[in-house]
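*Asks:* The structure follows.
Read-outs throughout are calculated quantities, based only on the coordinates presented, and are distinct from any laboratory measurement. None of the values given here were measured: they were computed from a predicted structure. Cβ placement follows ideal geometry from the backbone for every residue including glycine, while neighbour counts extend to all protein chains displayed.
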Amino acid sequence: MKKIYSNEIIERMSEKLIEINYKLPDEIKKYIEDAYFVEKEKYSKKYLKIILENLKYAEKNKIPICQDTGLTIVFVELGGEVNIELGNYKNLVEVISEGVKMGSQKGFLRKSVVDPITRKNTETNTPPIIHFLISEFKEKFKITLISKGFGSENASRIKMLNPTEGKEGIENFIIQTVKESGSLPCPPLFIGVGIGGSFEKSAILSKYALTKIGNENSEYRKWEKKIVEKINKLGIGPGGFGGKITCFDLKIESYPTHIAGLPVAINICCWAHRVGSFEL
Amino acid sequence: MKKLYFPLKEEKELEKIRVGDEVLINGEILTARDEAHRKLVEIIKIGRKLPVNLKNSLIYYTGPSPTPNGKIVGSIGPTTSKRMDELTIPLLKFGLKATMGKGGRSKEIVKAFKRFKVIYLITFGGCGAYLSQFVKKIELVCFEELGPEAIYKLIVENFPAIVGIDIFGNDFFDKIKV
């Protein structure tokens with residue numbers, strides 16, 4: 001049995017949350033650097049240059065890349081033989097929330113979480129959105145987090161396609177979603193696509209797919225690249241200023257579904273994809 | 001690069017501004033986003049006096065992150081302007097002359113901005129750290145209870161933007177669908 005202390009989880013959550021808000025992962029930054037050399041359109045090139053200066057400035061001065069420091073999304077991969085020493089906390093959800101609260105305070109992250117009806121701010125950036133995944137590895141404890149901005153979250157869509165619409169129907173829905181969102185979600189985009197399962201399963205898969213950006217060895221890699229190429233023909237470009245690059249990358253996650261259905265969820269993420277993970 | 005000073009001394013200063021111009025914003029500007037707009041419009045509806053002077057002003061759609069110790073301001077980039085479209089129109093007759101945010105806006109806004117001679121400026125989405133350099137002072141104006149969504153007054157120096165909508169009804173995003 002593996003033993004993990006709640007304070008360890010809180011400290012690491014807090015550190016990681018601050019880190020991803022001040023500095024993008026190298027593999028995400030690489031997409032932006034590459035685009036800067038490819039893009040020729042006047043305003044788009046200028047925008048990409050400012051994005052790169054922004055990343056440098058945020059890292060050096062230790063302030064958030066974007067003022068929208070997001071809603072914290074957490075995927076917990078948990079093995080069957082992990083024992084969490086809770087101390088004064090009731091459960092793992094409380095422990096993770098405490099990490100988010102601490103990181104938001106220490107890192108001067110914006111308090112962006114409100115009651116959906118009264119719009120009253122919780123003042124702590126909690127609760128985060130937590131998804132638990134049971135790992136096949138008995139002693140696994142891995143947390144992956146995304147600071148998800150809502151300019152792009154608002155551009156996300158879900159649709160129950162007819163099963164006969166197939167791959168073409170899926171592609172059309174993705175293209176239509178990106179086209180309609182245009183300049184609004186801060187392109188170039190990272191896109192997570194969840195295909196199959198049920199209504200809610202597809203949405204969670206689409207978010208999970210965003211944690212897989214940079215993985216070149218996935219089942220659908222050829223198809224993913226083909227869809228990115230199609231999206232980039234739309235000409236929306238960085239910031240909607242026009243140009244060759246509207247989508248940096250797209251990842252697909254799938255799950256078996258019912259004979260009568262084809263749920264498809266598209267989770268849109270801005271160029272500032274703040275994602276990171278740690279294991280204990 | 002053209003410089004603009006807010007609050008505008010004269011309305012006609014906007015006549016020389018065209019879509020696609022790169023401009024530098026100077027002077028005093030206001031911040032407001034979703035909830036602050038909703039509140040302002042509510043106050044207008046019940047006929048009470050606005051808690052902020054909009055005459056010749058610029059509203060920047062932003063909700064800054066908290067100011068770290070020893071700094072002037074936190075990250076302060078633009079939010080999506082389109083969400084403010086409907087709530088912007090009631091503010092125009094109070095003399096609002098410019099708005100700044102990110103992304104395209106509705107046809108109704110382009111029409112209304114032509115009628116009231118208002119411009120829209122696009123600044124750089126996701127670049128709140130970079131943009132914080134151009135803010136020299138931040139001060140609360142009203143709606144403190146809204147936290148990051150309160151209305152603040154900013155003193156800015158050479159804050160960079162691109163003209164998205166001019167007073168002649170031209171829209172930067174016309175060729176590219178919003």
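*Asks:* At what distance in angstrom do the alpha carbon centres of the stretch A:149-211 and the stretch B:150-170 lie from each other?
*Replies:* 32
*Asks:* What percent does the relative contact order of the stretch B:111-178 come to when contacts are Cα pairs within less than 8 Å and at least six residues apart?
*Replies:* After rounding, I find 42 percent.
*Asks:* Separate question: Checking the table A:K46/A:K230; B:K55/B:K93; A:K42/A:K244; B:K71/B:K137; A:K179/A:K244 against a 18 Å threshold on Cα-Cα, which pairs fail?
*Replies:* A:K46/A:K230
*Asks:* Moving on. Pick from B:K107, B:K71, B:K153: which residue has the top mean-square fluctuation in a GNM of chain B where Cα pairs under 10 Å get a spring?
*Replies:* Largest GNM mean-square fluctuation: B:K71.
*Asks:* As a footprinting exposure proxy, order A:F248, A:F141 by other Cβ within 10 Å, with the fewest listed first.
*Replies:* A:F141, A:F248
*Asks:* For the stretch A:228-280, compute Rh as the Kirkwood radius over C-alpha pairs and then the Stokes-Einstein diffusion coefficient at 20 °C and 1.002 mPa s; write the answer in µm²/s, rounded to an integer.
*Replies:* The estimated diffusion coefficient comes to 153 µm²/s.
*Asks:* Placing +1 at every Lys and Arg Cβ and -1 at every Asp and Glu Cβ, with all other atoms neutral, what dipole size does the protein assembly as shown have around its Cα centre, in debye to the nearest 20?
*Replies:* So the magnitude is around 1400 debye.
*Asks:* For chain A, modelled as a GNM with alpha-carbon contacts under 10 angstrom, which of A:I84, A:I170, A:I252 fluctuates the most?
*Replies:* Maximum fluctuation in the GNM of chain A, among the listed residues, is at A:I84.
*Asks:* Another question about this same structure. Using the Cα centre of the stretch A:151-273 as the reference point, and only Cβ charges (+1 on K/R, -1 on D/E), how large is the resulting charge dipole? Debye, rounded to the nearest 20.
*Replies:* Its charge dipole is roughly 180 debye.
*Asks:* I'm a student and want to see the number: the projected area of the Cα convex hull of the stretch A:20-107, averaged over all directions, in nm².
*Replies:* 8.2
*Asks:* Please report, in Å, the Rg and the Dmax of the stretch B:1-134, where both are computed over Cα atoms only.
*Replies:* 14.7, 44
*Asks:* Set the bar at 26 Å for Cα to Cα. Now go through A:K40/B:K153; A:K2/A:K251; A:K45/B:K102 and name every pair that lies beyond it.
*Replies:* Distance filter (> 26 Å) returns A:K40/B:K153; A:K2/A:K251.
*Asks:* Right, another one. Just the Cα atoms of the stretch A:94-202, one point each, no solvent: what log10 I(q)/I(0) does Debye give at q = 0.12, 0.14 Å⁻¹?
*Replies:* Relative scattering, expressed as log10 I(q)/I(0), comes to -0.65, -0.85.
*Asks:* With no solvent and one equal point scatterer placed on each C-alpha of the protein assembly as shown, evaluate the Debye formula and give log10 I(q)/I(0) for q = 0.09 Å⁻¹, two decimals.
*Replies:* -0.60
*Asks:* Right, next: Would you mind calculating the relative contact order of the stretch B:1-138 from Cα pairs under 8 angstrom and at least 6 residues apart, reporting the percent as a whole number?
*Replies:* Averaging sequence separation for qualifying contacts and normalising by length gives 24 percent for the stretch B:1-138.
*Asks:* Starting at 0 and stepping by 5 Å, how many percent of the alpha carbon pairs of the stretch B:17-56 end up in each bin?
*Replies:* 5, 16, 21, 17, 15, 12, 9, 3
*Asks:* Okay, next question. When only C-alpha pairs under 8 Å and at least 6 residues apart count, what is the relative contact order of the stretch A:151-273, in percent?
*Replies:* Across the stretch A:151-273, relative contact order equals 44 percent.
*Asks:* Can you flag which of A:K226/B:K111; A:K120/A:K140; A:K159/A:K225 are past 31 Å Cα-Cα?
*Replies:* A:K226/B:K111; A:K120/A:K140
*Asks:* Tell me the mean residue ellipticity at 222 nm calculated for chain A from its helices only (DSSP H runs of n ≥ 4, each -39500 (n - 2.57), averaged over every residue, nearest 500).
*Replies:* Calculated from helices alone, the mean residue ellipticity at 222 nm is -12500 deg cm²/dmol.
*Asks:* How compact and how long is the stretch A:151-273, expressed as Rg and Dmax of its alpha-carbon atoms in Å?
*Replies:* Answer for the stretch A:151-273, Rg first and Dmax second: 13.3, 42 Å.
*Asks:* Right, another one. Given the rule -39500 (n - 2.57) for each run of at least 4 DSSP H residues, summed and divided by the residues of chain B, what is its mean residue ellipticity at 222 nm, to the nearest 500 deg cm²/dmol?
*Replies:* That calculation yields -4500 deg cm²/dmol at 222 nm.
*Asks:* Given the options A:G151, A:G192, A:G103, which has the most mean-square fluctuation in a GNM of chain A, springs set between C-alpha atoms less than 10 angstrom apart?
*Replies:* A:G151
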